[in-house]
Amino acid sequence: MARPKDLGLEHTWRLRLRRQATGGLSIPEFCERERVSTASFYAWRRRLAAPPVSAPSDPPLFVPIRLDPTSPPDDTPPPLGFEIELPHRVRLRCAAAPDPAWLGRLVAALAGPAPREDAR
């Protein structure tokens, strides 16, 4: 498990890196004056130069669907509406298309989180 960020330490290193960049001393000279190791200096410089890791985005409410255009063998027209099969053997049948925002919320609520492997 990663340790929580120490924002004070991060701020201290940001200031330290800025002072070194504008101070005219070499990195070893600066580190000696600041009483920090050059390894720590380079590690913090890499860490703070890396782009921040963003949180994973929410999964989309809708995904592409494939419609089966084939008609039944007895040439009866296909029924109107649609059917969505969700995880956990949940099937949603609608006679007509509902409001997309409502449908998205409903599907997300019914689908719920995926089952964990160790729960089986």
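The values are calculated or read from the model by the stated rules, or taken from the named source; none is laboratory data. Since we're looking at a predicted model, the values are computed, not measured. With ideal geometry, Cβ positions are generated from the backbone for all residues, glycine too; neighbour counts draw on all protein chains shown.
I'd like the full set of residues that are modelled with pLDDT of 70 or more and assigned to a helix (DSSP H, G or I), limited to the stretch 73-103.
R89, P100, A101, W102, L103
Given the conditions (1) modelled with pLDDT of 65 or more; (2) part of a helix (DSSP H, G or I), report the number of the one that D118 does not fulfil.
So D118 meets the others, but not (1).
Are there any pairs with C-beta distances below 6 angstrom linking a residue in the stretch 28-52 that is in a helix (DSSP H, G or I) to a residue that is surrounded by fewer than 13 Cβ atoms within 10 Å (Cβ to Cβ) and not β-branched (V, I, T), with the two at least 6 apart or on different chains, and if so which?
Close Cβ pairs satisfying both conditions: T38/P28.
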